[in-house]
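A short worksheet on the structure shown next.
No lab work stands behind these numbers, since they all come straight from the coordinates. Remember, predicted model here, so these are calculated numbers, not experimental data. Please note: Cβ atoms are built from the backbone with ideal geometry, for glycine as well, and neighbour counts cover all protein chains shown.
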Amino acid sequence: MLLPQIRSRVVFPIAEKLSARDVRSRVRAINGELAMPWVERQRRNRMRLAEVIQWAKHEIPFYRDLFAQLKFDPPKLVDDIRYLNNIPVLTKADLLEAGDRVVHPDALAYLSMQTSRTNGSTGASLPVYFSPAAKDESAAVTRISQQWLGFGDDDLQLHISSELPGEVPREALREEWWRRAATNRISVECASWSDENLDAVWQAIQRHAPFLVQGHPSTLFHLAGFVKERYPSSRGKFKVFVSTGERLGDTQREMIEEVFGCRVANRYGNAEFGIVAHERFLPPPDETGTESDITPAEATARHYLQIFDPCVWVETLPASPGVSGPLVVTSLVNYAAPLIRYATGDESRVIKGRAGVYLEGIEGRVHDVVVIRSIRYSTSFVQDVLSRGTLVTDFQFVRGPGEALELRVALHNPRDEAAVRSQVAQVLGEGAVKLVFGSRSQFIRVGRQQKFRYVVDV
């Protein structure tokens, strides 16, 4: 049997060939782009932006109609990037209405397109499409983001995921085995933040001693509190924690670093684009720039997330440097189903640097804790469970004094109500919550900016 430390060197090329993937060459290509001088990289990125929009204008039905109406001329972007503002922002409602008109007519018929769904954390859940080349690009970005943290081919990674109900099909289990073996990944499931579940996660970390642990920051934060009380010798069991799926707070970062003696890396991504930006522990060489442009070392010290600029074009609205606003992203690689000026539903600030551009101060996707029958659950766990069968567009817990905990659920199809009732009962227990089915318009917004939260007190 191959040692885990060298297994990926053997299995990854085999898995890549059997699945007709080409990830390693994309890793080399993207790293080559990132190694170019920043001035040259900016020029090439602008050319990519013009090319993908020009392609969409002629080949994608949705954009063909839109750009004809706007009389939009993509080559003008090469000379004046401000011309991009003439394209209206694409919202999730627009994408839902457009359906497969955002996909090349031949792609679904002749390509092995991957269809996935957004998880609904920043709006209604909806399908997104990836071409084989775009899937390879996304996988390559994941590997490069790990390289930025010092993770090597021989290192182990442990992912903490939600424990989902029901049986997993045999084919899915086989595919998952190949993924784990090819990437030196160990998966540990966690259903709740009970002492029993947290202890099982900690025992797995101690047993495998991974270089990198990945999961929701809320789960690692609760694990840190549990371990601090139970296991005094907890430092040094892993080197890096990668936060994913939720907003990482400063208190969470500090607690995790203190208890486990590790470094914490934040990242930003979504179902529509994969990883968009990532913290970088191993910065590139410094480059010349204006005094106002931060250096790579300064970006690392401030926990800024470097944008994968050869793959995505990122803006904030309003488009003012250093000002927080809604994040708008354009894919530069997914030609079969391009998303152009797509509103992600999150907010951040785009910071200009000497060797790239960065995200700072990401807001959005705030998850909460809900207690059901004395067991603490993260709403990210409930989200993972409900989004598994693609029946639910979104949900919200509503707590009232002296009243039963209410779970409001918006469905894709009202006929799926019985299936969701069964799913909720299986996970949370029969009668644990009062289920109310309706539309997202019935969800409660909070605060001056009317932001969405998964748990609301009334």
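Some notes on this structure:
- Summing +1 for each Lys or Arg and -1 for each Asp or Glu among the other residues whose beta-carbon sits under 12 angstrom from that of Ser439 gives +1.
- Cβ-based charge dipole, the range 391-457, positive-most Cα from Val392, Ala404, Val455: Val455
- Sum of side-chain charges, Arg235 neighbourhood, beta-carbon under 13 Å (Lys, Arg +1; Asp, Glu -1): +2
- DSSP bridge orientation in the range 391-457 - percent antiparallel, rounded to nearest 5: 50
- Ranked by how many other beta carbons lie within 10 Å on average, peptides 329-342, 95-108, 130-143 from highest: 329-342, 130-143, 95-108
- In the chain, the DSSP-assigned H stretches of four residues or longer account for a calculated mean residue ellipticity at 222 nm of -11000 deg cm²/dmol, using -39500 (n - 2.57) per stretch and the full residue count as denominator.
- Percentage relative contact order, the chain, counting C-alpha pairs under 8 Å, at least six apart: 15
- Summing +1 for each Lys or Arg and -1 for each Asp or Glu among the other residues whose beta-carbon sits under 15 angstrom from that of Ala109 gives -2.
- Across Lys57/Lys92; Lys135/Lys237; Lys237/Lys352; Lys17/Lys239; Lys92/Lys135; Lys17/Lys135, pairs whose alpha-carbon gap is larger than 26 Å: Lys135/Lys237; Lys237/Lys352; Lys17/Lys239
- Note on Ala297 and Phe281: the model spin-label points, each 7 Å out from Cα along the C-beta direction, lie 1.9 nm apart.
- Looking at the chain alone, DSSP beta bridges between its own residues are antiparallel in about 60 percent of cases.
- Taking the charge dipole of the chain about its Cα centre, with +1 at Lys and Arg Cβ atoms and -1 at Asp and Glu Cβ atoms, the residue from Pro13, Thr142, Gly99 reaching farthest to the positive side is Pro13.
- Of (1) 0.99; (2) 2.47; (3) 1.72, the label for Cα Rg over 2.2 N^0.38 Å derived from the coordinates: (1)
- Leading residue at positive end of dipole, the range 57-215 (Cβ point charges), from Leu126, Tyr110, Phe151: Tyr110
- Cross-link reach list, lysines versus Lys434, counting only Cα pairs under 24 Å and skipping chain neighbours closer than eight places: Lys451
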